[in-house]
Structures are given as C-alpha cells and as structure tokens.
Amino acid sequence: MNLLWVVLLPLIGTLVPLLTERFGRNACAFSVAILPAWSLILVFMYAGNIFDGEAVRQTIDWIPAIGLDLSFRLDGLSLLFLLLILGIGLLVILYARYYLSSKDSMGQFYAYLMLFMSAMVGIVISNNLIQLWMFWELTSISSFLLISFWSHKSDARKGARMALTVTGAGGLALLAGLLLIANIVDSYDLDTVLASGDLIRSHAAYPVALVLVLLGAFTKSAQFPFHFWLPHAMAAPTPVSAYLHSATMVKAGIFLMARFYPALAGTDLWFIIVSITGLITLLLGAYIALFKHDLKGLLAYSTISHLGLITLLLGLNSDLAAVAAVFHVINHAIFKASLFMAAGIIDHESGSRDMRKLNGLMKYMPYTATLAIVAALSMAGVPLLNGFLSKEMFFAETLNLSMLGSLSWLIPLLATVGAAFSVAYSLRFIHDVFFNGEPIDLPKTPKEPPRYMKVPVEILVALCLLVGIFPAFVVGDLLNVASASLLINGLPTYSLAVWHGLNIPLFMSILAMVGGITIYYNRRHLFQFQSQFDEPDAKHIFEGVIQRVVKASEYIIDLLENGSLQRYIFLLLLFTLTMAAVPLFNLTQNAGSRPQIPIDAVTITGAVLMILSAIATVVWHRRRFLALIFLSVVGLVVSLAFAHFSAPDLALTQLSVEIVTIILLLLALFFLPQSTLKESSNRRLSGDLFVAGMIGCVIGTICYAMLTTPLNTISDFFLANSKTGGGGTNVVNVILVDFRGFDTLGEITVLGIAALGIFKLIAKMRIYMPTRDDKGRAWSNDPHPMMFEMVSQSLLPLALLVSVYIFLRGHNVPGGGFIAGLITAVAIIQQYIAHGVHWIKPRVKVDYQWLIAGGILIATATGLGSWIFDKPFLSTWFDYFNLPWIGEFELASAMLFDLGVYLTVVGAVMLILANLGKLTTSERIVTKEND
Amino acid sequence: MQHLPIYPILLPMLAAIFMLLPPLSNSITRHRVFAVLVMILLVITSAFLLLSSHQHGVQVYVLGGWQPPFGITLVADRLSTMMVLLTSVLGLCAQLYACAGDDKDGMFFHPLFMFQIMGINGAFLTGDVFNLFVFFEVLLIASYALLIHGGGKQKTKANVHYVILNLVGSSIFLFALGILYGTIGSLNIEDMANKVPLLGEHEQALAKTGGLLLLVVFGLKAAMLPLHFWLPKTYAAASAPVAALFAIMTKVGIYSILRVHTTIFGEDAGALASIVIPWLWPLGLLTIVMGAIGVLASPSLRLTSANLVVVSVGTLIVAIAMEREAATSAALYYMIHSTLVTGALFLIADLVSKQRGKAEDRYVIARQMPHAKVIGIAFFIAALVVIGMPPLSGFVGKILILQAAQGVTEMVWVWPVVLISSLVCLVAISRAGTTIFWRSAGEATGDVPIPPLKLIAVALLLCTSPLLVVFGSAVTDYTDLAASQLHDRTPLIESIIEGGDE
Amino acid sequence: MEAMYAFCVGVLTTCGFFLVLRGRTFTVVIGLTLLSYAVNLFLFASGRLKLDGAAVLGQSAEYSDPLPQALVLTAIVIGFAMTAFVVILAMRSRADQGNDHVDGQIPEQLTNLSASDKRNG
C-alpha cells in the first residue's frame, strides 16, 4: 500500500458507478463512496507522519524524455487539501444521491464526479511538474463534463465551453511557466523547485515564468479579469457547484499559488500582481454579489470575492498572511459548501432560486433554514463562527502593511468595505429567503427535504461552529503543518483564539457589521443606482468574441483558399521560381569548362521547328485540334533530338508513346469542346507569361550551365559491367531490366495502376456524345472505310512480327519490351479503328486486366526467382546456348522480365484505349458494382 | 529473413496483383478476406523488420546484387522501418473500415489500396532518389484512382485539382533530379551525401537549386504553406477510408525532407549544409497559423480534420527546422501520434455524417444521432488526443516539441504559435463537439446501425494513443535512437560501404 | 549546340507552364505534355550531349552516359501513364460538371463567354 493508491482509488472509482447504476440509486451512491472513503483512510494513516513534520514521497519512472514521472509527495498542504477534497467529496456524493432526479443518468454523473475528484487529488499530491500539469488539465476536462451535465440546456453548454476555454488557456500558460521553471532549476522535481527559490527569483526568466504560472492560477481561481466564467458554471447541477466552487476546482488555483509560494513568492513583482488582483477581485465580487437575485449567483460572486481575499493574503508576502490564507481556505470551503447545498435544497424543494420569489421559507423549512442561516453568518464573519477568525487575521494583516508607503492605510479601509459588503449580501441571503413575508408564486410549496439530504449540511455547519469556538483544538495542528509547507523558514507565532481582546481588527469587524447592515437596509437606493447600468452578460460577450474570431478566419480562408486551381498553380510556380532562382545569384559564370559541340544546320532547323511549333501550340491553344497537331510536331522533333544525341532507345520510345498519346488526345477531344473563347484577362495572361517565362529562363540557364560542366558519374560502371554482368550490349536496356530493374518494375506498376484508375473513371462516366463538331458538320457516317479495313487487317501480322523482333533484339540493340508492347498495342488499336468494337469483340477474347496483372506478376516472379539461388530480389541470370542450325543464342532472365513489361504495356494501353473507344459505341462498360 | 527489407513493398504489390486475377477477381468478399489477411501479415512483417533493424543495426538490401552506389538499395533503418510500421497499422484500420461497405462504392478498391501501401512503403524504404521518384509516382497514381472512389461531383473536382498540381510537382521533381545527377553524378542518397561536400563552386550553386527544388516537391506533398491549399478540400472530398489512409501521405513529404535534406544537405554538407532550414522556419510557423485559422473556419468535421492535418504538418516542419536530435525525436513521436489520430478523426467524421442524414457532419443543428453515445465517446477521446490534452498522446508530443525548442533562438516564436494554436483547436473542437453531439433538434428518428467493423477500426486507431503514453518511455527511447541515427550518419555509411566495396 | 539545346528546353518549359496556368482541362493537359517534353530533354541533358555515341557496346568509340537515358525512359513511360489518366479525368470532369473548366464551374465573369461550351453540350 502506497501513495499511488490515494489517487488510484478514486480513479478506479470512475468505473464503479457505470457498473453499479443498474442496482438502484442507493446501491450506486454507496458503492461510489467506498473507494474515496478508502483513499481517505489511507490519508489518515499518513497523517501521523505529516504531523511529525515529515513529508511522504514516492516516485515511479514513467517518461523520462519529457521529465514526467509518477511522483507523489504528501506534506501538510497536500494533507489539508486531500481532507477537503475527499471529505467534502464524500458529502457531495451523499447529497447528490437525493438531488439528482430520476431522469438524470446517475452513473454518468458519479463517473464524472469521481474523475474530477481523482484529478484534484492528483494535483495536490504531485511531486512532478509535468504530472501536476497533467492532473491540472484533467480538472478542466472533467469540470467541462460536469458543468455541461445537462447538455440539452444551452446555458450548460455555453457555460461549460467558457470554463473550458478560460481554464484551458490558463493551463497552456501554466505549462509554459512550468517548463520555464524546470529549465531554470534543470529538474521537473517539485522538491528541487521548492528548494531553489532564490535561484528562480534571481533568474532572468523569473518574471515571465511568474506571470505564466499566475495566469494559470488566476484563470482557475476566477480572479479578476478572468472571474467571468465562474458564475456561468452555475448552470451545473448544484452538487457540482457545491464541490467545484467551494472546496476544489477554484481552490486549485489557490493551491498552485500556495504550493509555489516558497519558490515564487517574496518579490515585489509577486506582491504587486497577486495582492492587487486579489484586492480587486475581493471588492468586485463582494459588490456584485449583493445585486444577484439568483441564489447560486449570489454565492458564486461571494466565492469570487472570498477567493480574492485568499489571493490578497497570499500576495502580502508576510508569513502570518500566508497562515491566514490557509486558514481561510479551510473556512471558506466549509461554509461555502454547506451554503451551496442549502441553496440546492431550497431550489429542489421550492422549484426556484430567485430571491424575489423566495420569501419567508422559515415557516416551511425551519430546520434547513437554521442550518443555512448559521452558515451564512459564518460567511458574514460573525463571532463564534469559523469565518470570523480568519477574517480577523486578515484584518490584522492588512494593518501592518507598509508596501504602499503613505497609501498603505488604503488596504485596511478597502478590506473593511469588502467585508461590509459580504455582511450585506449574507444578510440578504438570510433575510430575503427565510423571512421577508410570503413566497411569491413558487412552482411548488416548499417543504423539508428528505432526511439524509440534510446530513451533509448538518456536518458542515457543525464544523463551522466547532472551528469557530474551539479553533486551536479542532484545526490547530492541521493549520500548522499546512502553513509549514508554505513557510520554509519556520512558522510565525500566532494564536488561534476567539478573543484577542479589544484591538483594531475587532473594531474593523464591528465596523464591517454595522456598515453591512446599513448597506442592506438602504439597498433600495443601491439597487436603483445599480439598475442604471445594464448588467453585461459575460456569456454573450464571450460567445460574441468567439463568433467574431470565427468570422474573421472564415473571411481569411475564403480569401486564400478560393478553390481556384489557377491560383494554386500560380503560387506553386512562384514558390518554385524563388527556390530555383535564389541560388543562381552565386553562380558566377554560366558556361562551364566542358568543350562544346559545334552547331550544324540540321540541328538548327530542328530546333527552330520545335520552338516555332511550341509557340504555335501556345498561340492557338484555344483551337484545340490545331494545337494538338503542333504538339505532335514538337513531340516528333523531341524524338529526333534523342536520336541525334545518340539515344536511339529514347527516340523509339518517344515516337511510339507520341503516337499513342496523340490517338488518346484525339479521342478525348471528340468528347471535349473543340475550341473555347478567350477568357483570361490580359492582366492574368501577362502575369502567367511572366512567371512561366522566368522559370523557363532559370531552367534554361541551369540546363546550359549543367551541359557545359564536366562530370564524372557512376555510369562507367554500367558500361563496364553491361555485357559481363548483365549479359547485354545495349547498356540502356540492361540498366532498365537489370541494374535498375526495380525502377522499371515500379514504372510498369504505375502504368497498370493508371489503366485501372482510368477504367474506374470511364466506368462511371455518363458523357454526352456529340453528333456534329462545333462547326455544325456531322461526323462521318461511315466510321470504318473499306480501304482502311483491308490495309489495317493485312498490316496486323506485320506489325506483330515487328514487335516480336523489336522485343527480342532489345537486350543487345535498341528496342525492348516497352517499345514492342506499344507497337503491338497500336496495331490492335488500328483494328479497333478500322473495324469497330463489334467486329473485334468476338475475335479478341483477352481480359486486358488479367494481361496487366499477369505482366507485372511475371516481372515480379522473375525478380523473386533469384531468391531460389539465395540472391537478392531481381538478380539476373543469363547464359549462351548453341543449337544446331540456329547457332549461338542467349537466354536471360532479363528477357522474362522484359516479357512482363511487354504484356503490361499491351494490357494497359488496350484497357485504356479500347474502353475509351467503347464510349462512342453501345458497348459501354457495365459493372457489377455500382460504379 | 535476408529479404525482410523488401517484404513491405512486395507483399502489398503481389496482393494487389493476385486480387486482379482469378480466382480472387470479381468477388468483393474474397477481396476483403484476402486483403485483411495480407494487411495483418504486413503489420507483423513490418514489426519484425523494425525489431531486426533496431537490434542488428541498419539493414541494406541491395537489389539485383548491384552494390551501391550503382544499383538501387533499400535502407531499413530505425526511421524508415518506423514509418513502414506506422503505414501498415494505419492501413489495416482504414481497410477494416472500408470492408464494412465503403469498398463497394467503386471498382478495384482493395487492389488500388494495396498499390497505395506499396508506393508509400517503397518511398520510405528506398535509398535512391530516382527510385524515390518512382515510388512517389506509384503512390500518387494510386491515390488519384482512390480519390475518385465513390464518385460524385465533389470528388471529381477535388481530383482534377489534386492530379494537376501533383503532375506539375512531379515534373519539378524530375528537374531537381536532373540537376542533382548532373552535378553530383550519383543517385544513391548516401553516396550523394558523401560527394556533396567535394563539389566545386560552380556545381555547388546548381546542386543548391536542385536541393531547394526538392523542397518544393516535398513541400507540396506535405502540404506546407504556400502549397497546402489543395489539401483541405481534397481530403474532405475523399471517401472516409481513403482520407484516413491519406493521413500518412503528407507525412511522406515530411519524411522525404527529413531523409533527403538531413542526409544530403545536412550539417556536414560543407557549403551546402542545411540549405533549406532558413526557409523551413517561417514556412512551418505560418503553416501552423494557417492550419489553425482553417480549423476555426471549418464548417464541417471533415474539414476540421483536414485542417488539423495542416497544423500537424506545420508543427513537424518547425521541429525539423530546429535541426537538433531532440527536435527530430520529438517530431517522430508527434508524427506517429498525429498520423493515427487524424486518421481516426476522418473515420469518426464519416460515422457522424452517416448518422445525421442531410446535416451530415456539418456544424448545424440536427436531429439527435441514433448512436450518439458511442460515437460521442470516440470523438471525445480523439478530440483530447488531437488538442493535446492529457492524459493522451497529444500532450506528450506537444511537450516534447516545446522542450526541444528551449534554447533555440526562434523559441520566442515557436512557443506562442504552438500553444496558441492548440488553444484555438480547443475552442474550435469544443464548439464542434457540443454542436454535433448535444445541440439536437428533437429525438433521433429511426435507427442507423453502425457496422461493428467500423467501430473496431476506430477503436484500434484510438487505443494507440493511450499506448503511446503508457509505453511513452519505450517509444521516446526509440525515437531518440532513430533521430541520432539520422543525424549522425557514420554508422549508415559504414553499413553501406561494407556492402559497397567490390 | 549546348546553348541552343538549353534555349529549346527553356522555351518548352515556358510554353508548358504557361498552358498549365490556363483554365480549361484540355489546354492544361497539352501544357503538361509540353512540360514533360521539356523535363525529358532536361533530364537527358544531365548526362551531357554527345553525337553518335549510342550506348550500345561495340558500336561506337566512346559512349554517351546511359544512365540518364534509362531514367528518361522511365520518366517517359510514367509521364504517359499520367497523361492518359489526366485526359480521361478531364473527360470525366466534363461529364460530371457539364463544363471543362478546371474548377468545375466557369467563373461568373466568363459565363457569357462560354457559348461554345454550351454548343458542345
């Protein structure tokens, strides 16, 4: 048994209600209570060591990379908060059992509640910064779920979102702050951080870190100006409010400040930020609370104000103030929890929380009323109740302040004013609700709640009295150890007595009492005064801001992602231009040292022809047929260029690809507009021309620089090993099928996939079939001229023969599977063109899809074959044989590979063209699947 | 076992081929069974490959027995094997999801899916720039075909943009390769890395152009600003399993930047050392900003997820720009995490839109979903992960990146951008979730059952996130080693040379 | 010779990119084809230019660099596959969207110009 269980038990408890929900409400509530109770017992077991002034620690390594360990530390402060969290948590569980209606999913509620509880427990016993942050965020998440428990209500959703956003933002700031601190002390270990306070305070990054951490604390503890989320969190079921906004969630921020007090406090910056924020929050909360007609609203703002009080105390940089702060944490938790529960009971039994309707409930629920009144008096700080003691200490502290120099008297004054207002709203709570005439049209007549719904309130109110009367006896030790963990250089001397004799603090209290009563009796004027300002609804403001941000970003997105491909490409080219051009600035001279080839007439003519037709393609690009013709001219010249610069294979391939491409484009053009009008503005045209031109220049320059630079490449190896290692004299082909056969395998795969994709495209295509071209002339009504049929039919065997020849010679002289495949394909296509689909269909019974797959399979299998000889994939084998009459001939695995290429090419091209051609006929593909 | 490195490429390839041939062709049921079996096998193989390269060092597979730098090599180091495993896992989940019915909306789904996987794995494993180009084309053409799967105006339009942009990208790729070969005279990445420092001044300028042009290509793949505009609408248009698989595609771009630019133009590239870094900084940060703005502006869950992809890409680019081992390691962790969760988000978006009738996954008020609870839980988890809320993998990734940025001069930019962007995600996603799941106009009418397979797929993807946290130390240790392997190249060179001398 | 070659490549690149920037699918396809010519020539150039030095052993005194040729061959084939796909995609887009604009719809200011489109369907 160890510390881990303290947090683990409630965490496991998250699952319990989901399982036990079906056994009825009592069973569910009871089963939920077991684990936290157990964990509370564990805490008590440790209490002994804590009171002896030692801290219990335990560490388990988790993710060292981010400095995250499962590391726990139980000292006085943690003990105090654990008692609050688990103790009040148990009471809330009991209370919620009666509060929740049968419509609410109890299991879900308890699950969220337990998740939240474990998160809080995790925060207070963390000994590792990252782990602390982890639980910190968990509280944000679980509180989001709790606040939005009635998710069908808009308020609940909005309130929850607001809380999540504000606390989430704070959480991120906190993370940054913690990382900074960890960087300063070079450890994520809380002990180390707390031990090296001086180092931190003296470090340059201290102000930043401090502000970030405080942002986390202030957002969580609803300090001005982040206080606005808390009142809207009241949309949650009251048990949640009683828990989150008295003892836990909002106290997490206080805890954070208290926890890091040894490391961060003690500087002027700390004093300025923390105390001033606290003071403002204290006054603001107390003032607004008075004008709230909603019971829970009043309590919410009073919570804000009391949190402000604690923050102020922590900000004063004095040991006694710190003690007072810790003491008020206890007291506030006790009386505020009981008040929220009382409010919940009133709401539950009378159906309203509006103090303008709720009047004279004393008659209807005397018992509850008494409890509530006692708690409220404690909130007002009436003697013999716990609220009084901590407030006295607070007053005492405000007196011996000199920080503000000659203005120091302001703080006690303002403190008294704040106190007066808290007396006033407490009075309002008591008088309006329980006396002040008769209730005004309540949904139901109020009555006492079920017996056990009152138990939690009774316990808490009893505590108010006990602490108030025998403070030293009840909480003395706890307060000591808790404060001790804030004050590393020992506790100050202070006495927890009810009576300190006649002194200024007592006088201030009396002043506050009187002031409060006067304020309350003259509230009418105040209300009138207040009513002239329309009360801003933080929810609407917040939502409005978010809305505006969203609108703005929508505007930006519409502006940039306007769905115009032309713009996207333009950007792409612009970026390319920048990337390509920038380095050329340090290219001193274009021409390299490589000797250049003299120009000859033939090449010039070729070049000119190419350039002219390229330009012509651009100029007439809107008259598409013309453009296509010029395009094919360019293609031809390109293949000639390849031939000229000693790349026969390329020339052949380029040529055959050229033919197929043009056939394809012609077919496509049949279905597309033959021509379009000018539609780009001259501005766009010039812009495009500029970018394209610039890129052209850059590429040209690079090309020239490259061509004129000498280079020794890895190619000599290929020339050397082509025959000996690859068994072929045509080095290019050997590279394709052997040295870099893997590329070729990928290449034919691409071809195959493309064919499949195109099939997919065509299959679902329902395209309009033009009967006449755009000049209105009807297409020829004789699609298969006699002559053509005869010629092409007689050509077929020849073409096939040629392709076989090209295929076989490929390994040693220009040729190869790819070219052969294209030739075969073209030959077959010719048959299609000549005879039409109907004629071919019965004659060619090949499933092109199988052809493709088979081709790739053969190629791959060839590669796999080498595994038999324990060689890596695609290792080739070849040998020479001597047959009578035929003479010596070579057999090479590369040939098999090339066969695969051949089949794939034929299959792919046919699958594409044949199906495309079919579109023009009644033979459109119909598929089994709805594609 | 000696052939292990090539399995992740051959396995899906052969699977695709067999599915095109009888007896498997023309039967969707046989396709499904076969495909799932193959994918499971692939996951196992990838895991084996990862382990063996993790334990026995880099595995270099020399295709055709032609030693580097002459032949093509596959390099299975910690980084590439990690990416391969990631791909297979994501692929398996996406495919399971598809098997619940989406694969019937078009032809050849499973073969194309397999080819896609093959292409991605090839791109990760190859150690040769031109072969990288080839595999880019394989995965691209497969993605073109997969993108129109299901048909419809939107898909066609998105596809036109996607295809044309990428074709331009491919030609730029070839320009770049031409320059690099024309100056360095080799295609093997390691060999190039060794030769780059020896280049003359004249060649250097050219090679630099080549390197930067490669950044354009990879940036386009990775959807880096200003080349990211195509992504949101494309991913939103794709059918759910395809979109889920595409979650890894952007990471291919990121990986290539890591691989090529850290290896060839890395610290020890002499005059050409880290040429892309000055560009990566601003572009990465701006990508995050644009992504975050996109997340805020998204009108539907699909678009939100797509924009979240952009955010993750930006974050990764920033991490790469830091150019230090810690950052790379952080990037790798973040890569695993973000890939899986965005994949899951696309699937969840699809579940939602199937449930909400006409409203689909748009953020408008609609009838209560019949199965709001189960989908809601899935969404909630995914949201926590993607926002970076503890206790799920998101926060580890975020903290890793923030920590890595400590001490870098650009930290003053990185921290605010990363933190604020995750706040923006928090706001946007909480709004989205509350609208979709809670703001309902009336009770659900009729029941739209969710195929169990789909739920299994989503659950599988989501459960990776807690695992990434629970076994966080193991994962981060691995990514640390992978990062150091990438940055300190000597072991890799040795293992290549030890194969290389002949 | 080298200068002229480079010039041609530049021109082809310019024309290609310019056409790719147009608004109609077919024109873009033509642009891509031109671009692929430019790319192939450029990639081929990375092996430098050589007259009558075909890389067929025993046929010429000294050989041109065979590797870029092999690369270009691969590039040509892949380019062909891509072109084929994008062409059909263009048709599909025309079929689905009713026009052949790359964005699937003709921008407002152009709708009045798109008469020819109407005539062809």
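The values are calculated or read from the model by the stated rules, or taken from the named source; none is laboratory data. Since the structure is predicted, the reported quantities are computational estimates derived from the model, not experimental observations. With ideal geometry, Cβ positions are generated from the backbone for all residues, glycine too; neighbour counts draw on all protein chains shown.
Identify, please: which residue in the stretch A:118-154 is under 24 Å from the mean Cα position of the chain (by Cα) and outside any helix (DSSP H, G or I) and is, among those, surrounded by the most Cβ atoms within 10 Å (Cβ to Cβ)? The selected residue is A:148.
Within the stretch A:188-206, being under 29 Å from the mean Cα position of the chain (by Cα) and either over 24 Å from residue B:404 (Cα atoms) or in contact (Cβ under 8 Å) with a residue 60 or more places away in the chain (or both) holds for A:188, A:189, A:190.
At least 1 residues that are touching a residue at least 40 places away in the same chain (Cβ under 8 Å) and surrounded by fewer than 24 Cβ atoms within 10 Å (Cβ to Cβ) in each: list the helices (runs of 4 or more DSSP H) lying fully within the stretch A:691-765 that qualify. Reasoning before the result, please.
On the way: elements: A:715-726, A:731-734, A:741-763.
So the answer is A:741-763.
Residues in the stretch A:834-868 that are more than 10 Å from chain B (Cβ to nearest Cβ) and modelled with pLDDT under 85: 13 in all.
With respect to residue B:473, is the statement that it is of a type in the set (Gly, Ala, Ser), more than 17 Å from residue B:338 (Cα to Cα) and under 25 Å from the mean Cα position of the chain (by Cα) true? Steps first, answer last, please.
Working: of a type in the set (Gly, Ala, Ser): yes; more than 17 Å from residue B:338 (Cα to Cα): yes; under 25 Å from the mean Cα position of the chain (by Cα): yes.
Yes: the conditions hold for residue B:473.
Among the residues examined, residue C:26 does not qualify as in a helix (DSSP H, G or I), facing chain A (nearest Cβ under 7 Å), within 23 Å of residue A:700 (Cβ to Cβ) and at pLDDT 90 or above. Selection of the stretch A:72-125 for residues being of a type in the set (Lys, Arg) and over 19 Å from residue A:23 (Cβ atoms) yields only A:73.
When restricted to residues that are out of contact with any Lys or Arg (no Cβ under 9 Å at 6 or more places or on another chain), in contact (Cβ under 8 Å) with a residue 24 or more places away in the chain and charged (D, E, K, R), the stretch C:44-100 contains 1. Taking the criterion of being within 11 Å of chain B (Cβ to nearest Cβ), surrounded by fewer than 24 Cβ atoms within 10 Å (Cβ to Cβ) and either closer than 27 Å to residue A:317 by Cβ or among the hydrophobic types (A, V, I, L, M, F, W, C) (or both), would at least one residue in the stretch A:213-225 satisfy it? So far as the stretch A:213-225 goes, no, none of its residues is within 11 Å of chain B (Cβ to nearest Cβ), surrounded by fewer than 24 Cβ atoms within 10 Å (Cβ to Cβ) and either closer than 27 Å to residue A:317 by Cβ or among the hydrophobic types (A, V, I, L, M, F, W, C) (or both). Residues that are closer than 13 Å to residue B:160 by Cβ and in a helix (DSSP H, G or I) within the stretch C:13-23 comprise just one, C:20. Residues that are at the interface with another protein chain (Cβ under 8 Å from one of its Cβ atoms) and under 28 Å from residue A:754 (Cα atoms) number at least 3 in the following helices (runs of 4 or more DSSP H) confined to the stretch B:121-211: B:129-147, B:153-184.
Yes/no matrix, rows are residues, columns are (1) closer than 21 Å to residue C:14 by Cα; (2) in a helix (DSSP H, G or I); (3) touching a residue at least 60 places away in the same chain (Cβ under 8 Å); (4) more than 10 Å from chain C (Cβ to nearest Cβ):
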{"site": "A:599", "(1), (2), (3), (4)": "no, no, no, no"}
{"site": "A:611", "(1), (2), (3), (4)": "yes, yes, no, no"}
{"site": "A:627", "(1), (2), (3), (4)": "yes, yes, no, no"}
{"site": "A:636", "(1), (2), (3), (4)": "yes, yes, no, yes"}
{"site": "A:643", "(1), (2), (3), (4)": "no, yes, no, no"}
{"site": "A:655", "(1), (2), (3), (4)": "no, yes, no, yes"}
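Looking at this structure, is residue C:41 closer than 18 Å to residue A:658 by Cα, surrounded by 23 or more Cβ atoms within 10 Å (Cβ to Cβ) and more than 7 Å from chain A (Cβ to nearest Cβ)? So residue C:41 fails the test. Where residues in the stretch A:657-673 are at the interface with another protein chain (Cβ under 7 Å from one of its Cβ atoms), in contact with a Ser or Thr (Cβ under 8 Å, 6 or more places away or on another chain) and modelled with pLDDT under 90, which of them is surrounded by the fewest Cβ atoms within 10 Å (Cβ to Cβ)? Checked the stretch A:657-673; the qualifying residue surrounded by the fewest Cβ atoms within 10 Å (Cβ to Cβ) is A:664.
For the stretch B:424-469, the set of residues classified as within 9 Å of chain A (Cβ to nearest Cβ) and part of a helix (DSSP H, G or I) consists of B:424, B:426, B:427, B:428, B:430, B:431, B:434, B:435, B:437, B:438, B:469, listed by residue number. What is the number of the single condition among (1) modelled with pLDDT of 95 or more; (2) more than 23 Å from residue A:122 (Cα to Cα); (3) small (Gly, Ala, Ser) that residue A:216 does not meet? (2) is the only condition that residue A:216 fails.
Hey, among the residues in the stretch A:57-68 that are surrounded by 18 or more Cβ atoms within 10 Å (Cβ to Cβ) and either out of contact with any Gly (no Cβ under 8 Å at 6 or more places or on another chain) or among the β-branched types (Val, Ile, Thr) (or both), which one's farthest from the other protein chains (Cβ to nearest Cβ)?
Quick first cut of the stretch A:57-68, residues surrounded by 18 or more Cβ atoms within 10 Å (Cβ to Cβ) only: A:62-63, A:65-68.
Those left that are additionally either out of contact with any Gly (no Cβ under 8 Å at 6 or more places or on another chain) or among the β-branched types (Val, Ile, Thr) (or both): A:63, A:66-67.
Details: A:63: 4, A:66: 5, A:67: 8 Å.
Per the criteria, the residue is A:67.
Just one residue in the set B:407, B:343, B:394 is outside any helix (DSSP H, G or I) and either within 14 Å of chain A (Cβ to nearest Cβ) or crowded, with 18+ Cβ neighbours inside 10 Å (or both); that residue is B:407. If only residues of the stretch A:43-56 that are more than 38 Å from the chain's Cα centre (by Cα) and in a helix (DSSP H, G or I) are counted, the one that is surrounded by the fewest Cβ atoms within 10 Å (Cβ to Cβ) is A:48. Within the stretch A:14-39, the set of residues being buried (at least 17 other Cβ atoms within 10 Å of the Cβ), farther than 16 Å from residue A:108 by Cβ and of a type in the set (S, T, N, Q) comprises just one member, A:39. For the stretch A:264-296, the candidate set comprises residues that are touching a Lys or Arg at 6+ places or on another chain (Cβ under 8 Å) and part of a helix (DSSP H, G or I); within that set, the residue that is nearest to residue A:535 (Cα to Cα) is A:290.
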